[in-house]
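*Asks:* Quick one: this structure, given as structure tokens, is what I'll be asking you about.
We did not get these values from a lab; they are worked out from the coordinates using the rules stated. The shown structure was predicted, so the numbers you read here are calculated from the model rather than taken from an experiment. We place every Cβ from the backbone using ideal geometry, glycine too, and count neighbours over all the protein chains shown.
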Amino acid sequence: MKIKAGIVGGAGYTAGELIRILLHHEFVELGGIVSSSNAGNPVHQVHDDLVGDTDLVFAAELAGDEDVVFLCLGHGNSKAWLEKNTLPDTTHVIDLSNDFRLEADAEFADREFVYGLPELNKGRIQQAQSIANPGCFATAIQLALLPLAQAGKLTEDVHVSAITGSTGAGQSLSETVHFSWRTNNVSIYKPFTHQHLGEIGESLAQLQSQPGGEIYFVPYRGNFARGIFASVYTPSDLTQDEARELYQKFYADAPFTTVSDKEIHLKQVVNTNKCLLHVQKLGKQLLITSVIDNLVKGASGQAVQNMNLLFGLPETTGLNLKSVLF
């Protein structure tokens, strides 16, 4: 029996990645791919990397018999869509917006959304009805900090500098995604106020009830298309060897998160569902670098990982993707 999957908001970047992954997932049958602006048009006319891979066309609405529906809508639009469209109670929902990530927003109508970070909530995800997929920056930063929180070692301020590719801004046009603005350019935005800080704080509090200090996060716009590189540092009494052992033990059963002995770089993870971490001690500071693909582990790949857990499949099913290293 195949899992019948539907997608709402099928024209954007995250939907394009999701379609690419699900087309080659051995246990999935893609049903309706809804796009109000493209209904009736072939999917490959919008996602032209899929030319030759599919003859599917965009639909105006779901078929209604989906086992799982992925909401690839803009922030605020998932809740609005669910208010207007009734899904069977048996249909799982995986939302890629920020509408249901925080505990205060987790209950909606008759649905309860579980925060879908597998390295933190695997057991809850396996029993869930609906999933709130984490944010891309939040994924990279949380994976850099969770082992410290579990060990009760977040006792000081945490400083984060993280740079993301232009696809993190979505497909809609704006000044800061134009080629002439973005190329050969770097800028910051939303320093210390980024919306992902809320979900990061709630996740860390699951493991360490009262983390010490604050998280100071400065996000950067990068002059590349995809990926996130995060540098996270905080004072620590751990030695380098103790810290690495802590991280390796925490992620021993996490198939997509690896602690590297060597310094890491972005091309190692682009196009994959991997998170690579590197841990080093420099003076009193513990420095953790974290790299992910913002569209895969930071969005659509993690959504499929969550789907696999919901339906009792190995987490890695359909997600053994090679990086674009050269």
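*Asks:* Counting only residues 5 or more places away or on other chains, whose amide H sits under 5 Å from the amide H of residue 34 once H atoms are built in the peptide plane?
*Replies:* 7, 8, 9, 10, 59
*Asks:* May I ask you to sort 233, 247 by Cβ crowding, counting other Cβ atoms within 10 Å and putting the fewest first? All intermediate terms of the calculation are to be shown ahead of the outcome.
*Replies:* Details: 233 20, 247 23.
Taking fewest neighbouring Cβ atoms as first place, the list is 233, 247.
*Asks:* For a quick check: with amide H placed at 1.01 Å from N, whose amide H comes under 5 Å from residue 229's, ignoring anything fewer than 5 positions away on the same chain?
*Replies:* Placed amide hydrogens put 163 under 5 Å from residue 229.
*Asks:* Considering only the other residues whose Cβ falls under 13 Å of the Cβ of residue 250, what net charge follows from Lys and Arg at +1 and Asp and Glu at -1?
*Replies:* Details: positive: 122, 153, 244, 249; negative: 119, 242, 245, 253.
Every neighbour counted, the sum reads 0.
*Asks:* Checking understanding here: applying a Kyte-Doolittle mean of at least -1.0 and a length along the axis of at least 20 Å (C-alpha), which whole DSSP H helices in the chain pass?
*Replies:* On the way: long enough: 136-150 (21 Å, 1.53).
Result, helices passing both filters: 136-150.
*Asks:* What stretch of the chain, leaving out the sites themselves, is the longest with no trypsin sites (Lys or Arg not before Pro) in a DSSP loop having at most 15 other Cβ atoms within 10 Å? Mind dumping the intermediate values first?
*Replies:* Details: sites that count: 2, 262, 284, 322.
Longest run free of exposed loop sites: 3-261.
*Asks:* On a straight-distance basis, which aspartates and glutamates could pair with residue 267 in a cross-link, Cα separation under 12 angstrom, same-chain partners fewer than 8 positions away excluded?
*Replies:* Those aspartates and glutamates meeting the cut-off are 293.
*Asks:* In nm, what is the difference between 0.36 nm times the number of residues separating residue 324 and residue 240 and their Cα-Cα distance? Mind showing how you got there, number by number?
*Replies:* Values: separation 84, 0.36 × 84 = 30.24 nm, distance 3.03 nm.
In short, 27.2 nm is gained.
*Asks:* If you don't mind, there's one more thing I want to ask. Calculate the spin-label point distance for residue 285 paired with residue 214, positioning each point 7 Å from the Cα along the beta-carbon direction, and give it in nanometres.
*Replies:* 1.8 nm
*Asks:* When only alpha-carbon atoms count, how far does region 136-294 stretch along each of its three principal axes, as whole angstroms with the largest first?
*Replies:* Principal-axis extents of the Cα atoms in region 136-294, largest first: 46, 29, 28 Å.
*Asks:* Can I ask one more? Under 14 Å from the Cβ of residue 140, count the other residues' Cβ atoms, weight Lys and Arg +1, Asp and Glu -1, and hand me the total. Walk me through the numbers before you get to the answer.
*Replies:* Values: positive: 226, 274, 297; negative: 119, 199, 293.
The answer is 0.
*Asks:* May I ask you to work out the translational diffusion coefficient for the chain at 4 °C, viscosity 1.567 mPa s, via Stokes-Einstein with Rh from the Kirkwood sum over Cα pairs, reported in whole µm²/s?
*Replies:* Details: Rh = 20.1 Å.
Diffusion coefficient, whole number: 64 µm²/s.
*Asks:* Something else about it: What is the order of 193, 234, 91, fewest Cβ neighbours within 10 Å to most? Could the numbers behind the result be given before it?
*Replies:* Details: 193 9, 234 23, 91 19.
The most exposed by this proxy come first: 193, 91, 234.
*Asks:* Would you please give the FRET efficiency between residue 57 and residue 262, computed as 1/(1 + (r/R0)^6) with r the Cβ-Cβ distance and R0 = 51 Å, to the nearest 0.05?
*Replies:* Values: r = 46 Å, r/R0 = 0.90.
So, using R0 = 51 Å, E works out to roughly 0.65.
*Asks:* Computed FRET efficiency, Cβ-Cβ of residue 105 and residue 249, R0 30 Å: what is it to the nearest 0.05? Kindly include the intermediate steps, with their values, before the conclusion.
*Replies:* Numbers: r = 33 Å, r/R0 = 1.09.
E(calc), rounded to 0.05, equals 0.40.
*Asks:* Also, I was wondering about something else. Between 76, 16, 32, where does the largest GNM mean-square fluctuation fall for the chain, given springs only between Cα atoms within less than 10 Å?
*Replies:* In this elastic network of the chain, the residue with the biggest mean-square fluctuation among 76, 16, 32 is 76.
*Asks:* Using only Cα atoms, locate the centre of region 185-212 and the centre of region 32-90, then give the distance between them in Å, rounded to an integer.
*Replies:* So the two Cα centres are separated by 31 Å.
*Asks:* Further, regarding this structure: Enumerate the calculated ³J(HN,Hα) couplings along region 30-40 in order (Karplus 6.51 cos²θ - 1.76 cosθ + 1.60, θ = phi - 60°), each rounded to whole Hz, writing x wherever the residue is Gly or Pro.
*Replies:* Calculated HN-Hα couplings, in order: 6, x, x, 10, 8, 8, 5, 8, 10, 3, x Hz.
*Asks:* Given a cut-off of under 8 Å on Cα pairs at least six residues apart, what relative contact order in percent is computed for the chain?
*Replies:* Taking the mean separation of contacting Cα pairs over the length of the chain, I get 17 percent.
*Asks:* Report, for the chain, the % of DSSP beta bridges that are antiparallel, rounded to 5.
*Replies:* Working: 27 of 57 bridges.
In the chain, approximately 45 percent of DSSP beta bridges are antiparallel ones.
*Asks:* Pick from 223, 185, 38: which is most flexible by mean-square fluctuation in a GNM of the chain where alpha carbon atoms under 10 Å apart are linked?
*Replies:* Sorting by GNM fluctuation, first place goes to 185.
*Asks:* Of the listed pairs 190/281; 249/284; 262/284, which have alpha-carbon separations greater than 24 Å here?
*Replies:* On the way: 190/281 28 Å; 249/284 22 Å; 262/284 20 Å.
Distance filter (> 24 Å) returns 190/281.
*Asks:* Further, regarding this structure: Report, by chain and number, residues whose modeled amide H sits under 5 Å from the one on residue 224, excluding near sequence neighbours (fewer than 5 apart, same chain).
*Replies:* Residues meeting the criterion, in which the H sits 1.01 Å from N, are 166.
*Asks:* Using DSSP to call loops (not H, G, I, E or B), can you name the GluC sites (Glu not before Pro) in region 1-93 whose Cβ has at most 14 other Cβ atoms within 10 angstrom? Walk me through the numbers on the way to the answer.
*Replies:* On the way: sites: 17, 26, 29, 61, 66, 83; in loops: 26, 61, 66.
When the GluC sites (Glu not before Pro) of region 1-93 are filtered for loop state and at most 14 Cβ neighbours within 10 Å, 26, 61 remain.
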